[in-house]
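Note sheet for the following structure.
The values are calculated or read from the model by the stated rules, or taken from the named source; none is laboratory data. Worth saying up front: this structure is predicted, and the values here are computed from it rather than measured. Cβ placement follows ideal geometry from the backbone for every residue including glycine, while neighbour counts extend to all protein chains displayed.
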Amino acid sequence: MKVQSFSKKQAGFTLIELVVVIVILGILAVTAIPRFTDMTKDARIAAINGVFGAVQSSAAIAHAQALVKGQTDATGTITMEGQTINLAYGYPTTADISKTLSSTQGFDTATTAGTISLLNGTTLIANCNVAYVQTAAANTPPTITKTDSGC
């Protein structure tokens with residue numbers, strides 16, 4: 001039995017092979033690109049979650065300092081990071097909660113009366129904020145809410 005050997009070697013890809021590869025790459029691109037282009041919303045939600053945690057932590061730290069100093073009446077003051085913080089029943093007031101945050105670097109924020117909102121450049125992003133409402137009674141923590149539906 002004689003075995004034939006072909007000496008002709010394939011020198012490149014056929015047109016059909018190239019078209020199949022291009023179609024597969026196109027399908028992958030169509031499914032992958034939307035996942036990468038929509039990361040802005042995820043980044044804003046992560047930033048507002050960070051602000052939410054920072055506000056909760058700073059209120060707890062201020063409350064701990066107020067307890068140590070005996071400032072748990074309807075009014076009082078403590079000093080944090082060189083700033084005087086007005087208190088309501090041992091927690092920061094709505095007007096002074098932003099003073100308890102050591103830094104908001106890394107993202108743009110606007111603070112008005114206890115609401116810390118994210119900005120898109122100089123434009124306020126609606127429904128992307130953390131709201132702080134001071135306590136109105138002893139032994140009751142402040143209300144801290146996060147809204148990320150518009151991020």
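Residues of segment 30-56 that are surrounded by 10 or more Cβ atoms within 10 Å (Cβ to Cβ) and over 19 Å from residue 118 (Cα atoms): 32, 33.
Quick check on my filter: what residues within segment 124-139 are exposed (fewer than 13 other Cβ atoms within 10 Å of the Cβ) and over 23 Å from the mean Cα position of the chain (by Cα)? 136, 137, 138, 139 - these are the residues of segment 124-139 that are exposed (fewer than 13 other Cβ atoms within 10 Å of the Cβ) and over 23 Å from the mean Cα position of the chain (by Cα).
Taking every residue in segment 78-97 that is farther than 18 Å from residue 137 by Cβ and of a type in the set (Ser, Thr, Tyr) and pairing it with any residue that is surrounded by 15 or more Cβ atoms within 10 Å (Cβ to Cβ) and at pLDDT 90 or above, at least 6 positions away or on another chain, the pairs with Cβ-Cβ distances below 8 Å are 79/85; 84/78.
If the condition is being farther than 17 Å from residue 101 by Cβ and surrounded by fewer than 16 Cβ atoms within 10 Å (Cβ to Cβ), then segment 73-91 contributes 73, 74, 75, 77.
Here's the yes/no breakdown for (1) assigned to a loop (DSSP other than H, G, I, E, B); (2) modelled with pLDDT of 90 or more; (3) out of contact with any Phe, Trp or Tyr (no Cβ under 8 Å at 6 or more places or on another chain); (4) under 16 Å from residue 134 (Cα atoms):
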{"position": "64", "(1), (2), (3), (4)": "no, yes, yes, yes"}
{"position": "67", "(1), (2), (3), (4)": "no, yes, yes, no"}
{"position": "79", "(1), (2), (3), (4)": "no, yes, yes, no"}
{"position": "84", "(1), (2), (3), (4)": "no, yes, yes, no"}
{"position": "97", "(1), (2), (3), (4)": "no, no, no, yes"}
{"position": "104", "(1), (2), (3), (4)": "yes, no, yes, no"}
{"position": "107", "(1), (2), (3), (4)": "yes, no, yes, no"}
{"position": "110", "(1), (2), (3), (4)": "no, no, yes, no"}
{"position": "117", "(1), (2), (3), (4)": "no, no, yes, no"}
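Taking segment 117-151 only, how many residues are basic (Lys, Arg) and either in contact with a Pro (Cβ under 9 Å, 6 or more places away or on another chain) or more than 23 Å from residue 43 (Cβ to Cβ) (or both)? Show your work before the answer.
Narrowing segment 117-151 to residues basic (Lys, Arg): 146.
Filter once more, keeping what is either in contact with a Pro (Cβ under 9 Å, 6 or more places away or on another chain) or more than 23 Å from residue 43 (Cβ to Cβ) (or both): none.
Residues meeting the conditions: 0.
Taking first residues from segment 115-142 that are at positive phi and partners that are surrounded by 14 or more Cβ atoms within 10 Å (Cβ to Cβ) and of a type outside the set (Ser, Thr, Tyr), the Cβ contacts under 6 Å between residues at least 6 apart in sequence or on separate chains come to 127/150.
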